[in-house]
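Scroll down for the structure; my scribbles are underneath it.
The values are calculated or read from the model by the stated rules, or taken from the named source; none is laboratory data. All figures in this text were calculated on a predicted structure; none of them were measured in a lab. For neighbour counting, all protein chains shown are included, and Cβ atoms are generated from backbone atoms with ideal geometry for every residue, glycine included.
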Amino acid sequence: MRVFILNAGSSSLKYQLMNPVTKEVLASGLCERIGIDGVLKHEFGDDKKLKLEVSMPTHKEAIELVLKTLTDGEGKVINSIDDIDAIGHRAVHGGEEFSGSVMVTDRVIEKMKELIPLAPLHNPANIMGMEICQELMPGKPNVAVFDTAFHQTMPDYAYMYPLPYEQYEKHKVRKYGFHGTSHFFVSNEARNMLDKKHNTRIIVCHLGNGSSVSAVFNGKCIDTSMGLTPVQGLMMGTRCGDIGAGALQYMMEKEGLTIKETLDILNKKSGILGISGKSSDLREVLEGREAGDDRCRLAVDMIAYIIKKYVGSYAAALDGVDALCFTGGIGENAALIREKVCAGLDYMGLNIDPVKNNKRCSLARDISTNGSTGRIFVIPTNEEYVIANDTYKVVTTGTAAAPKKATCD
């Protein structure tokens with residue numbers, strides 16, 4: 001089976017063509033600057049790359065260009081779109097409605113539209129991608145794979161906010177969590193890497209421009225750091241993460257800010273960028289730290305400290321930890337962040353090996369000492385495979401396995 005994997009953003013489009021059975025990736029790429037001037041970056045074959053600067057007024061032209069590139073010319077990997085068996089879509093917010101991946105139907109799209117207020121930047125683009133694929137490839141099954149689905153196993157005392165209960169009843173104000181496909185993939189890989197196979201207690205740190213931590217008991221998520229929206233939780237590239245509501249009120253009054261202006265600061269001008277004053281890219285901030293920039297030093301210390309606090313709290317929620325996992329661009333590549341997060345966690349049975357930690361490797365690996373009772377893993381995530389595999393399951397069996405509520409009993 002060949003699955004066309006689509007991740008439609010507001011002005012960009014990521015894609016892969018994958019066989020989920022063999023995990024072979026035939027092609028992958030990115031359309032950028034949709035609606036402006038348009039750039040397609042296409043990778044295929046044995047590290048072959050193709051870059052096209054083509055006008056893409058809308059997402060429809062972008063998807064048409066991708067399909068043409070896949071089936072014709074220098075970047076060709078299939079003979080026609082008939083060779084595509086199904087389309088798997090990343091869908092950001094499924095609310096409480098979707099606890100697993102589903103076939104895209106008119107009802108599913110309507111429900112996703114109802115959830116737009118919870119993800120105003122993401123859900124409209126995701127829906128657009130689905131509707132365009134239905135138009136361009138009629139008859140092909142489309143499957144929605146939700147970022148929030150993996151976290152639907154959280155117990156109510158973990159996902160509820162201590163606000164008036166009516167806010168939940170009327171508006172579904174609660175924690176949902178994101179990066180679910182990554183947390184599912186990494187925690188599942190960790191379970192396979194552990195000698196212990198039952199009642200596993202795993203903490204996953206998905207660290208990138210957007211970051212989140214999850215506590216996973218026996219394969220089921222029992223808590224996660226992101227909330228109603230992705231701004232809650234860890235300090236991120238441009239998002240602030242956890243912050244006291246009183247600080248927001250104080251800042252708004254002092255600066256005369258509107259809600260919209262304040263949210264813009266929280267989402268786009270805070271985090272690594274806001275503290276360092278240099279960049280949202282941790283690589284540049286690490287360089288600044290080495291050069292003696294104290295604000296870059298502060299940003300790095302804050303990132304690691306906040307992650308470490310979540311690791312400690314989730315170890316408590318899990319009654320211990322069998323594996324601590326790092327993934328994402330920062331988690332996989334920033335040895336210093338891993339070192340700082342793990343420093344002093346020996347009381348939890350987590351001992352990091354400095355030699356293993358600093359060794360560059362693109363494969364999943366154990367970076368804990370031989371004597372560590374808990375394991376520390378670096379596991380490259382593969383969200384595209386999760387989307388492709390769920391699409392395969394939904395198309396061939398009618399459903400992907402829905403998660404069940406977890407308990408620590």
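Listed values, structure above:
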{"quantity": "Any hit, the range 224-242, residues being basic (Lys, Arg), part of a loop (DSSP other than H, G, I, E, B) and more than 25 Å from residue 378 (Cα to Cα)", "calculated": "no"}
{"quantity": "Any hit, the range 190-207, residues being in contact (Cβ under 8 Å) with a residue 24 or more places away in the chain, assigned to a loop (DSSP other than H, G, I, E, B) and touching a helix residue (DSSP H, G or I) at 6+ places or on another chain (Cβ under 8 Å)", "calculated": "yes"}
{"quantity": "Within the range 15-113, strands (runs of 3 or more DSSP E) holding 1 or more residues that are within 24 Å of residue 148 (Cα to Cα) and of a type in the set (A, V, I, L, M)", "calculated": "24-32, 86-91"}
{"quantity": "Top-ranked residue in the range 208-221 [being crowded, with 24+ Cβ neighbours inside 10 Å and assigned to a strand (DSSP E or B); ranked as nearest to the chain's Cα centre (by Cα)]", "calculated": "212"}
{"quantity": "Sole residue being modelled with pLDDT under 95 and either surrounded by 18 or more Cβ atoms within 10 Å (Cβ to Cβ) or among the polar types (S, T, N, Q) (or both), chosen from 362, 313", "calculated": "362"}
{"quantity": "Selection count, the range 230-250, where residues are in contact with a helix residue (DSSP H, G or I) (Cβ under 7 Å, 6 or more places away or on another chain) and more than 21 Å from residue 318 (Cα to Cα)", "calculated": "9"}
{"quantity": "Candidate set: the range 365-389, residues that are under 16 Å from the mean Cα position of the chain (by Cα) and assigned to a helix (DSSP H, G or I); chosen: the one surrounded by the fewest Cβ atoms within 10 Å (Cβ to Cβ)", "calculated": "385"}
{"quantity": "Filtered residues of the range 139-169 (kept if in contact (Cβ under 8 Å) with a residue 24 or more places away in the chain and over 23 Å from the mean Cα position of the chain (by Cα))", "calculated": "140, 141"}
{"quantity": "Residue that is surrounded by the fewest Cβ atoms within 10 Å (Cβ to Cβ), among those in the range 40-72 that are more than 18 Å from residue 140 (Cβ to Cβ) and among the acidic types (Asp, Glu)", "calculated": "46"}
{"quantity": "Scan of the range 30-54 for residues that are of a type in the set (Gly, Ala, Ser) and within 21 Å of residue 131 (Cβ to Cβ), ordered by number", "calculated": "35, 38"}
{"quantity": "Any pair with Cβ under 7 angstrom, 6 or more apart, that starts in the range 216-239 at a residue that is under 17 Å from residue 194 (Cβ atoms) and ends at one that is assigned to a loop (DSSP other than H, G, I, E, B) and basic (Lys, Arg)", "calculated": "220/404"}
{"quantity": "Residue satisfying condition, being among the aliphatic types (A, V, I, L, M), touching a Leu at 6+ places or on another chain (Cβ under 6 Å) and at pLDDT 95 or above, within set 387, 352, 376, 337", "calculated": "376"}
{"quantity": "Residue match in the range 329-352 (condition: on the phi > 0 side of the Ramachandran plot and not assigned by TED's automatic domain parsing to the domain that holds residue 202)", "calculated": "no"}
{"quantity": "Residue match in the range 209-220 (condition: under 17 Å from residue 329 (Cα atoms) and modelled with pLDDT under 95)", "calculated": "yes"}
{"quantity": "The range 317-357 - residue that is touching an Asp or Glu at 6+ places or on another chain (Cβ under 8 Å) and part of a helix (DSSP H, G or I) and, of those, nearest to residue 205 (Cα to Cα)", "calculated": "340"}
{"quantity": "Filter result for the condition that a residue is under 26 Å from the mean Cα position of the chain (by Cα), in the same structural domain as residue 141 (by TED's automatic domain parsing) and closer than 19 Å to residue 180 by Cβ, over 122, 42", "calculated": "122"}
{"quantity": "Residue check for residue 361: under 22 Å from the mean Cα position of the chain (by Cα), assigned to a strand (DSSP E or B) and of a type outside the set (Gly, Ala, Ser)", "calculated": "no"}
{"quantity": "Boolean, residue 108 is at pLDDT 95 or above and not acidic (Asp, Glu)", "calculated": "yes"}
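Yes or no, residue by residue, for (1) surrounded by fewer than 22 Cβ atoms within 10 Å (Cβ to Cβ); (2) over 18 Å from residue 365 (Cβ atoms):
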{"position": "173", "(1), (2)": "yes, yes"}
{"position": "176", "(1), (2)": "no, yes"}
{"position": "179", "(1), (2)": "no, yes"}
{"position": "191", "(1), (2)": "yes, no"}
